[in-house]
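The values are calculated or read from the model by the stated rules, or taken from the named source; none is laboratory data. Values in this document were obtained by computation on a predicted structure and should not be read as measured data. In this analysis, Cβ positions are derived from the backbone assuming ideal geometry, glycine residues included, and neighbour counts consider all displayed protein chains. Heavy atoms of the whole protein, side chains included, go into the accessibility calculation; ligands, DNA and RNA do not. Shrake-Rupley method; radii C 1.70, N 1.55, O 1.52, S 1.80 Å.
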Amino acid sequence: SLVSTAITCFTRGLDLRKETEDVLCPANCPLWQFHVFGDGVYASLSSICGAAIHRGVITNAGGAVRVQTLPGQENYPAVNANGIQSQVLARWASSFSVTRTRNTALEAAGRSVSTARPSTGKRPKKPLDKKAGNKDCKADIAFLIDGSYNIGQRRFNLQKNFVGKVAVMLGIGTEGPHVGVVQASEHPKIEFYLKNFTAAKEVLFAIKELGFRGGNSNTGKALKHTAQKFFSLENGARKGIPKIVVVFLDGWPSDDIEEAGIVAREFGVNVFIVSVAKPTTEELGMVQDIGFVDKAVCRNNGFFSYQMPTWFGTTKYVKPLVQKLCSHEQMLCSKTCYNSVNIGFLIDGSSSVGDSNFRLVLEFISNVAKAFEISDIGSKIAAVQFTYDQRTEFSFTDYTTKEKVLSALRNIRYMSGGTATGDAISFTTRNVFGPMKDGPNKNFLVVLTDGQSYDDVRGPAAAAQKAGITVFSVGVAWAPLDDLKDMASEPRESHTFFTREFTGLEQMVPDIIRGICKDFLDSKQ
């Protein structure tokens, strides 16, 4: 068999010299420290072991990987897989791919996953219902437990007992709640994912087996890591089910938890904080931010914070916490700007645009659409092209996946003709947004034009806004600023965009996405 070169967790593709090389990744690399760019084809500044875990070639137990050097490319995508969030990169000079090596002995060493199961004891009377779990409590829950020196080994064990009781009372099952556990200490550690166990007995066994880690209570770091990495579909998160993190805190966090709370809200995660043994008056001087609970929870309305005086005699606190976690309608953070908006694009197809610039407009729209979670229960995209006439390219209900939306955008044919923007806004309000007006999503219209409209835009735009549609206007070249401001929602400054050249559209993408998210969050407050 081939000899494999041992590498570190952080060896990058560009550190290798050969075209094809067999390497050996170590076990237990810290997943959250990996820098990985792309999916399948990775930019060569990516960590090799990180890319191999992301691709599913090895697990975090390490193992043998074959690395193939490839030419550079543009647009490395960001994809969340196997606990690693890869990042976007516009272009890089060289790439690589990772595959399993032929060396099966090494491969087997990298795949030893524990399958320890508790003994089942007596058979339950109604196995079917027990398996399904509590169908009235649909939630995907991460228990973020305190494993710092603050809590110590003894109270850590009491905490495990409490979490076990909560897990049992929740009624875990295939159709009920699913749970996982992350331990916060110096560095966060995902102990088990949502997909690992679907029976209370297995979860209880897994919780009993957890070892105490020690270190600082870097709760902010752990919460951010959990919000970003824990709830991927690969790790067992379910579509349309509330994502919840229950943070257990003995004392106070050693780091900043406010930013982590913001990230969690952006990812649609409902954060609860269970604080035990609040800091005493003498200890308050050591706390970075006294209002840490209010800043980290989903909403500062009292519902998401929970206090217990000590870890002793906690049984009476189990049921009230479970009732909160099962209150589906109270999970105000499940809706995010990424999964709860309808965005209609109104595209100027007039003859002044020209074919190559029209392609740049479609690319701009694709890059905005890419940021959103498009699905039958998530965000939706529609497109209308206009000259003097209007043509619905596709409506909100035509495509329910990101791939299909992007493909439909690529296939839009340029019309060429005059410019009647006002008529087009009225047409889109009536025909495209009309059918969606009682839906759960917030409605946005992005108008793209490169010139003066032959008709009035102010009246149709006001009618659209009255119908609950937030309007962003994007002007290029000869589009008059007065028209753009007349169309845009208030405050007009932040809803009006302009660039001299079509190539300038690319720089506006993050601002449009941020604007939509800001409006969405403001509408929820």
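Per-residue accessible area (protein heavy atoms, 1.4 Å probe) orders 332, 233, 406, 70 as 233, 332, 70, 406, starting from the largest. Restricting to Cα atoms and excluding each atom paired with itself, what does the Kirkwood estimate give for region 140-330 in Å? About 16.3 Å for region 140-330.
Taking every alpha-carbon pair under 8 Å whose residues sit at least 6 apart, region 322-424 reaches a relative contact order of 34 percent.
Seen from residue 322, the other residues with C-beta closer than 13 Å to its C-beta sum to a net charge of +3, counting Lys and Arg as +1 and Asp and Glu as -1. Along the axis of the charge dipole computed for region 299-386 (Cβ charges of +1 for Lys and Arg, -1 for Asp and Glu, origin at the Cα centre), the listed residues 321, 372, 334 are led at the positive end by 321.
Averaged over residues, the count of other Cβ atoms within 10 Å places the peptides 88-95, 200-207, 48-55 in the sequence 48-55, 200-207, 88-95, highest first. With a Förster radius of 22 Å, plug the Cβ-Cβ distance of residue 416 and residue 503 into 1/(1 + (r/R0)^6) and report the FRET value to the nearest 0.05. Computed FRET efficiency for residue 416 and residue 503: 0.60. Accessible surface computed residue by residue for the chain, with neighbouring protein chains in place and a 1.4 Å probe, gives 46 Å² per residue. Couplings 3J(HN,Hα) for region 139-151, derived from phi with the Karplus relation 6.51 cos²θ - 1.76 cosθ + 1.60 (θ = phi - 60°), are 7, 10, 10, 9, 8, 9, 8, 7, x, 8, 5, 3, 8 Hz, where x marks Gly and Pro. What you get for the chain, charging only the Cβ of Lys and Arg (+1) and of Asp and Glu (-1), is a dipole of about 2860 debye around the Cα centre. Here the gap between residue 524 and residue 466, fully extended at 0.36 nm per residue and compared with their Cα-Cα distance, gives a gain of 19.1 nm. The H on the amide N of residue 270, modeled in the peptide plane, is under 5 Å from the matching H of 243, 244, 245, each at least 5 residues off or on a different chain. With 5 Å bins beginning at zero, the pair-distance distribution over Cα atoms of region 5-100 amounts to 3, 17, 30, 28, 17, 6, 1 %. Placing R0 at 45 angstrom, the Cβ-Cβ distance between residue 78 and residue 316 gives a FRET efficiency of 0.50 after rounding to 0.05.
Axis of helix 152-170 versus longest Cα principal axis of the chain: the two differ by about 60°, to the nearest ten degrees. Here the chain was treated as a single set of alpha-carbon atoms; its pair distances binned every 10 Å from 0 give 4, 16, 23, 22, 19, 12, 4, 0 percent. Taking the protein heavy atoms of the chain in the context of the full set of protein chains, the accessible area attributed to carbon and sulfur is 52 percent at 1.4 Å. Using the Karplus relation 6.51 cos²θ - 1.76 cosθ + 1.60 with θ = phi - 60°, the per-residue 3J(HN,Hα) values for region 56-63 come to x, 6, 10, 9, 6, 7, x, x Hz, with x marking Gly and Pro. Charge dipole (Cα centre; +1 on Lys/Arg Cβ, -1 on Asp/Glu Cβ; no other charges) of region 169-313 amounts to roughly 560 debye.
Each residue of region 71-85 in turn: what ³J(HN,Hα) in whole Hz from Karplus with 6.51, -1.76, 1.60 and θ = phi - 60°, glycine and Pro shown as x? Taking θ as phi minus 60°, the curve returns x, x, 7, 10, 6, 6, x, 9, 9, 8, 8, 6, x, 10, 9 Hz for region 71-85.
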